[in-house]
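Report on the following structure.
Read-outs: derived from the displayed coordinates by stated rules, not from any lab. No experiment lies behind these values; they were computed from the predicted model shown. In this analysis, Cβ positions are derived from the backbone assuming ideal geometry, glycine residues included, and neighbour counts consider all displayed protein chains.
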Amino acid sequence: MSNVTFLGLGTMGAGMVGNLLDVGHDVRVWNRTPGKADALVARGAVAVADARDAVADAEVVMYCLADDAAVEDLVLGDDGIAAVVPADALVIDLSTIAPETSLAEHAVYAARGVRFLDAPVFGTRGEANAGGLWIVVGGHEATYRDALPVLEPLSETLHHMGGPGDGARMKLVGNLLVASQLQALGEAMSLARKAGLDLRAVLGVLAVADFRTPIYDGVGAAMLEDDYSPDFALHLMHKDARLIGGFAADLGVPVPATTATAATIERAVEAGYGDENASALVKVLASDAGVRFTD
């Protein structure tokens, strides 16, 4: 499979396309803002102005879109690509969306005999650029195996979670943990600062104790530099928090810590931090405590 169409060149999509090009796939790209394709065209991609034209004779169609509304518009709408993707194509949705939206995609594609996977990704811009994402996949086992030549160049690890929608479900479970870790780090660092502890020494403990995580290490160091440059924007985590809340409510699972984190994210977006990194939610917690993380 070397003829790939990739739709959506945002924070994650551009890096993924770069990795597909690096291993020799022929890639056509489409984005609502055409200029985002320029750097990829310089590396060998072909930009197409219309999404339906872009998928017309593709062997593989991949897309990474911002939210459910974007998927419903571009894919499932009256003029969506689902109606014109070739019947023998393989389609992979890498977006973080509600499981119900993924199931709707599976149904639409299955009605036309098109193979489809929901395959959201864990990682940030850096992992996307380096081919180091962690991808969780829902769909039929045979389809998953067929997709390995285009998924492996993007990923450090691949995880086939089960049938249709299981990739989307796992993504929300994982994002719950990411958001909760950011909230916990913000609370812990605020408490440590208020208590008069040296925050660099605090991070030294967090880096080696049995509760260490890469999030505490990377985000913690950036906090001390007041660096909230976006690898994964807070407004996207805001969207994810709403998805997690709805997912948990549908299953009747209480998630009180996540509910508290979602409230912090909401306040941080309202404070104007939505375009900063998701870690900017800690600024609200620091403000509540009357502290700053920088010296």
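Of note:
- Calculated FRET value between D22 and A207, using beta carbons and R₀ = 30 Å, to 0.05: 0.40
- Taking other Cβ atoms within 10 Å as a rough exposure proxy, S95, S180 sort from fewest to most as S180, S95.
- Listed values for the stretch 126-132 are Karplus-derived 3J(HN,Hα) couplings in whole Hz (6.51 cos²θ - 1.76 cosθ + 1.60, θ = phi - 60°), namely x, 5, 5, 5, 8, x, x, and x replaces Gly and Pro.
- Rounded to the nearest 500, the helix-only mean residue ellipticity at 222 nm of the chain stands at -14500 deg cm²/dmol, with each DSSP H run of n ≥ 4 adding -39,500 (n - 2.57).
- In percent, rounded to a whole number, the relative contact order of the chain is 14, using alpha-carbon pairs under 8 Å and six or more apart.
- Cross-link reach list, aspartates and glutamates versus K194, counting only Cα pairs under 16 Å and skipping chain neighbours closer than eight places: D288, D295
- When E225, E127 are sorted by how many other C-beta atoms sit within 10 angstrom of their C-beta, beginning with the fewest, the order is E225, E127.
- Gap separating the Cα centres of the stretch 108-129 and the stretch 216-275, nearest whole Å: 23 Å
- Available extension along the chain between E270 and S229 is 13.0 nm, counting 0.36 nm per residue and deducting the alpha carbon span.
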